[in-house]
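Have a look at the structure below before the remarks.
Rule-based calculations on the coordinates, nothing more; no lab input. As the structure is a prediction and not an experimental result, all values here were calculated from the model. Positions of Cβ are generated from backbone atoms using ideal geometry, with glycine treated the same way; all protein chains shown enter the neighbour counts.
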Amino acid sequence: MVSAPRRYSAAFSPEIIAEIERAADGGLYQIRGFGTLRPLPSFDDLVLLGASISRYPLEGYRERCATDVTLGTRFAKKPIELKIPITIAGMSFGALGASAKRALGRGASAAGTSTTTGDGGMSEEERAESKILIYQVLPSRYGFDPAHLRACEGIEIVVGQGAKPGGGGMLLGHKITERVAGMRTLPAGIDQRSACRHPDWTGPDDLTIKITELREATDWEKPVFVKIGSARPRYDVQLAVKAGADVVVLDGMQGGTGATQEVFIEHAGIPTLPALRQAVEALEELGMHRKVQLVISGGIRSGADVAKALAMGADAVSIGTAALVALGCNRAIHVEDYAALGTAPGACHHCHTGRCPVGITTQDPVLENRLDVAEGARRVRNFLTVLTMEAQTLARACGKSHLHNLEPEDLAALTVEAAAMAGVPLAGTDWIPGRNGY
Amino acid sequence: MIEVDLAQSSVRALNQRLHRIGPGDDQRHWRVVNPNGAHAIAVGLTAPLHVEIRGHVGYYCAGMNAAATVVVDGHAGTGLAENIMSGSVRVHGNAAQSAAASGRGGLVVINGDASARCGISMKGVAIVVGGSVGHMSAFMGQSGALVVCGDAGDDLGDSLYEADIFVAGKVASLGADCEEKEMTAADIDHVATLLGRAQIAADARRFRRYGSARRLYNFHIDHAAEY
C-alpha cells in the first residue's frame, strides 16, 4: 500500500505552529538579533548594464575609477572626507563588545572610512581606534556627553532604524554588565528599553532647532547626519532636509539589530530598494540631490550591492551586519556553543542572548577574548577593500571613472516588482511599472 | 562684566565667544540682553562662567551645560538645560516642556512652573521647581532628583528607573511602575539640602517621595498591562 505524502498547511506551517506554541508557553514575544530572515526584493533583483558598442568601458586594471566621497558639504565647516563610499553603521557598545568596536574602528580606519557609535555612548576603544567617528544622538541619550560630541568628526541624530522604524532599542538584562550599566546610568541586569522618541523635540520644526543647538554647541564645525528608518522616506527625507541635515542616512527594512521583537524585524518598514528610490526622488524634488548626501544601509553585502546603490543615487552606503560577518559572525568555529544556543553556524541570530560564540555581540570576557582584534581589523579592512574593488570593477565595465558616475541608466531589473520599486526598466524592455500610466 | 546685546549680535557669535574662554581668561561674568526668545543661547559651555540673561529665551537655553552658572531673568522655552552635565541653571520665570531632559548632573532651578516632561530621561541632575510640573514629568527618569514644590500633572514618573521624585502638592496620577515610597529622615535631609541650594523656601517635611516599583525591569507577561 502506498502511503499518501504528508500535507502541511501553508497558513499554519510547522514554523508557524512552533511559534504559536512558543508564545503560548512562554508568554513573551520573540526577541532576536540580526535582520529580516524572509526573502525580500533586493539589489540582487537588479543588474548593471556593462558597456559594449553603444557605451565603452574603462580598462579594468589600468584606468582610474575613483571612490572618494565627501559627506557634509552643506553647512559644516569640516565636512568628512572618506576614501571609499562605504561606512560602518552605528552599533552600540553593549550590543557589541569592546573588542568588536575596537576591531571595526581599526579596520575601517585602515580602509579610509568612518565608524559610528551607538546607543550607550562613545567607548574609549572606538574613539581610540577610529580615525573618523560619527557620534550618534539617540532618543535614549544613554551616556550622551557633550565632550564626546566635541571629540567626534560627525554627529548623527537617530530618528529610527530599518529593523524597527518607530521603535526604540532593546538590550536584555544579561548584556547589561556593570560597565554597560554605568555608561547608561542604569541598574545592572535589567532589560533596558530605549526610548523611541527624543526627550526634547517632537516633529520637524523642533528638529530644526535641535540641529541648530548641536551646531551651536560645536561651533558649526561638524556635519549633522539624520538617520531614519525606511517607512515613509519620501516625506521623512524631505523633512530631514528641511530641518537642516547635512547628510541623510536611510536604513532599509533589511537593516540589522542587536535585539528587537521578531514581529518588528519582519513586518515593519519597506525594503531598502524602494526606500532608496523614494529618497533620491525626494532629494531631486527639492533640488538637493548631491547637495545633501544620502547614505543608504540595510542589506548591503557585496560590491555589486554598493555599485547598484550608488547607481540608484546614493552617495555612500553603510554596512552593519556584513561588517560583523567579516569579523567572524556565524563563522563555523566553537560549533558546540552555537548548539548550546539551539542554532548552528550560518543560522545564528542570537545576538540578544549575549552568548555570541565568536565573541562579537557579547559582554562576557571569556567569549569576547575569542575575538582577536588585530585579525578582526584585518578582515574588516580586507572586506571593505573587496567591496570597493568589486564596485569599481562594475563601474569600469559601465565606463565610469568614478563610482558616483554610475546612474540609473546603468541598471535593469530582473523582476516586475524590482522594476517598480527601484524605478528602472524591466530587463529587455523600456517598461518601468508605475510610470507613464502603466 | 561683559554685556552682549542680541539685538546687535548673533547667538552664534555669542556662543563662540563663550566657548573660547580658556582657563587663564578672566572674562567670567557675562550679561546677555535682548534675547527675544532666541534659541540655543549659551549652549555647550565648559568653563565656570556666570551668564546672566535678561529676558525670555527660546529652546535649549544652556543645553549641555558643564561648569557654568546660567541665570535667566524671564521664561524659558523647550529643553532648558537639556543634558546638563554640571554647574547650574536657574530660570526666574516658567519653563516649557522637557526642562533638564536627560540631564546627567548639576542643578536646574525653575522658580515658576515647568511644563510637561520636566526631567524626562534624567540621569543624575537635581531639579527643583518652585511651582508645579506638567504631565509625564520624570518619564523614564534614571537617576537624580526632581523636587516639585507645587503639584504634579498626570502620569508622574512613568516607566521610572532609579530617579527620586519629591512632590509637596497634589499628584494628578502616577505613571506606569511609579509608586509612593516612604519618606525617610535621610530623604527629608536630601530635599532640604536641594531646596537650600535652590534658594527656595519650603518645608522639606511636607514632601512625599515617589520612585520605581521595579516591576518592569525585566519583561514578564504578568506586567504587560502596565505598558
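Value of Rg to Rh for the stretch A:347-438, rounded to two decimals, is 1.23; Kirkwood radius and Rg both from alpha-carbon coordinates.
The Stokes-Einstein estimate for chain B, based on a Kirkwood radius over Cα pairs and taken at 10 °C with 1.306 mPa s viscosity, is a diffusion coefficient of 91 µm²/s.
What trypsin sites (Lys or Arg not before Pro) does the stretch B:108-202 have in DSSP loop regions with at most 12 other beta carbons within 10 Å?
On the way: sites: B:R117, B:K123, B:K170, B:K181, B:R197; in loops: B:R117, B:K170.
Loop-located and lightly packed - B:K170.
Positive-end ranking of B:I221, B:S173, A:W431 along the dipole of the protein assembly as shown, with charges on Cβ about the Cα centre, is headed by A:W431. Counting other Cβ atoms within 10 Å as a rough exposure proxy, the listed residues A:S230, A:S54, A:S9 run A:S54, A:S9, A:S230 from fewest neighbours to most. Of A:A217, A:A412, A:A377, which is the most mobile in a GNM of chain A whose springs link Cα atoms less than 10 angstrom apart? Taking springs between Cα atoms under 10 Å, the residue moving most is A:A217. Distance between the C-alpha centres of the stretch A:106-174 and the stretch B:38-63: 27 Å, rounded to the whole angstrom.
Hey, which of these cross-link pairs are over 30 Å Cα-Cα: A:K164/B:K181; A:K101/A:K164; A:K131/A:K210; A:K175/A:K242? Could you put the intermediate results ahead of the total?
Values: A:K164/B:K181 36 Å; A:K101/A:K164 22 Å; A:K131/A:K210 26 Å; A:K175/A:K242 38 Å.
Beyond 30 Å between Cα atoms: A:K164/B:K181; A:K175/A:K242.
Dividing the summed -39500 (n - 2.57) terms of all DSSP H runs of n ≥ 4 by the residue count of chain A sets its mean residue ellipticity at 222 nm at -10000 deg cm²/dmol.
Rg then Dmax, both in Å and based on the Cα atoms of the stretch A:93-146: 10.5, 31. Solvent-free Debye calculation, one equal scatterer per alpha-carbon of the protein assembly as shown: log10 I(q)/I(0) at 0.05, 0.06, 0.07, 0.10 Å⁻¹ equals -0.25, -0.36, -0.49, -0.95. Gyration tensor analysis over the Cα atoms of the stretch B:97-216 returns equivalent ellipsoid semi-axes of 18, 15, 13 Å (largest first, whole Å). With bins 5 Å wide starting at 0, give me the P(r) of the stretch A:167-230 over every alpha carbon pair, in whole percents. P(r) for the stretch A:167-230, in whole percents per bin: 4, 14, 17, 16, 15, 17, 14, 4. Using only alpha-carbon positions in the stretch A:261-337, the gyration tensor eigenvalues give semi-axes of 30, 16, 9 Å once each is multiplied by 5 and square-rooted (largest first). Taking Cα atoms only, the orientation of helix B:185-198 departs from the longest principal axis of chain B by about 20 degrees. Estimated translational diffusion coefficient (Stokes-Einstein, Kirkwood radius over Cα pairs, 10 °C, 1.306 mPa s) of the stretch B:1-107: 121 µm² per second.
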